[in-house]
Amino acid sequence: MNATPRWLDADEQRAWMAYVEFSTLLGDYLNRQLRRDAGTTHADYTLLAQLSSAPDQVLGMSELARRLKITRSRLTHAVNRLAEAGLVDRREDPADGRGQLAVLTDEGMTLLEQAAPGHVEAVRRAVFDALSREQVRQLAEIGEAIGEALHGVESAEADPAVLPWRRR
């Protein structure tokens, strides 16, 4: 490990602080919008959306945790809460007697269908209306590059067991 920190220069510091501010504000804004308009949280909406895009609206719990980048324990609590609300079913995986499946219910799909128009409008208003087409393209490229770098760091440096979606 390098003994001398590689401090951020002025442009990097500006970019980092802008990211920290907008990511915090955006998360709060989307959470408030979904709570107000659909009675759900952004985290729950994202979980339901992941299930809605899966074949037959079914995912194994481990795969769902991986996609959401959360611990399986946290996912279990969320799925149990959503199951109590009738939005998700939980069943044993017939292909793996030890595995569990999360299944989007008709009520969960209805909630998504009702929430999606307002949510996409909130995303558009908060993010895409503020950017030019070129900036949208750049944002996608920047996000993909950082995502790739983080996947590379995780693979090279981290014990896979410490990744949140692999923890119990």
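Summary table
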quantity: Candidate set: the stretch 18-61, residues that are farther than 16 Å from LEU104 by Cβ and of a type in the set (Asp, Glu); chosen: the one surrounded by the most Cβ atoms within 10 Å (Cβ to Cβ); calculated: ASP37
quantity: Flag if ALA116 is more than 13 Å from the chain's Cα centre (by Cα), surrounded by fewer than 17 Cβ atoms within 10 Å (Cβ to Cβ) and not aromatic (Phe, Trp, Tyr); calculated: yes
quantity: Residue identified as modelled with pLDDT of 95 or more, closer than 14 Å to VAL103 by Cα and of a type outside the set (Lys, Arg) among ALA54, ALA38, ALA43; calculated: ALA54
quantity: Residue, nearest to LEU150 (Cα to Cα), within the stretch 36-86, restricted to residues that are outside any helix (DSSP H, G or I) and polar (S, T, N, Q); calculated: THR71
quantity: Criterion (free of Cβ contacts under 8 Å to residues at least 12 places away in the same chain and hydroxyl-bearing (Ser, Thr, Tyr)) met by exactly one of THR41, THR105; calculated: THR41
quantity: In the stretch 117-138, the residues that are without any contact (Cβ under 8 Å) to a residue 12 or more places away in the chain and closer than 30 Å to GLY39 by Cβ; calculated: PRO117, VAL120, GLU121, ARG124, ARG125, PHE128, ASP129, ALA130, LEU131
quantity: ASP89 in contact with a helix residue (DSSP H, G or I) (Cβ under 9 Å, 6 or more places away or on another chain), among the charged types (D, E, K, R) and either touching a residue at least 12 places away in the same chain (Cβ under 8 Å) or surrounded by fewer than 15 Cβ atoms within 10 Å (Cβ to Cβ) (or both); calculated: yes
quantity: Selected residue (only one of VAL20, VAL120 is of a type in the set (A, V, I, L, M, F, W, C), assigned to a helix (DSSP H, G or I) and under 30 Å from LEU8 (Cα atoms)); calculated: VAL20
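Every residue, every condition in (1) surrounded by fewer than 13 Cβ atoms within 10 Å (Cβ to Cβ); (2) part of a loop (DSSP other than H, G, I, E, B); (3) over 19 Å from the mean Cα position of the chain (by Cα); (4) at pLDDT 95 or above, yes or no:
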| residue | (1), (2), (3), (4) |
| --- | --- |
| GLU134 | yes, no, yes, yes |
| GLU141 | yes, no, no, yes |
| GLU148 | yes, no, no, no |
| ALA156 | yes, no, yes, no |
| ARG168 | yes, yes, no, no |
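A quick yes/no check of all residues on (1) closer than 27 Å to ARG36 by Cα; (2) under 18 Å from the mean Cα position of the chain (by Cα):
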site: GLN57; (1), (2): yes, yes
site: SER62; (1), (2): no, yes
site: ALA85; (1), (2): yes, no
site: THR110; (1), (2): yes, no
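The values are calculated or read from the model by the stated rules, or taken from the named source; none is laboratory data. Given the structure is predicted, the values throughout are model-derived calculations rather than measurements. Every residue, glycine as well, gets a Cβ built from its backbone with ideal geometry; the counts of neighbours run over all protein chains shown.
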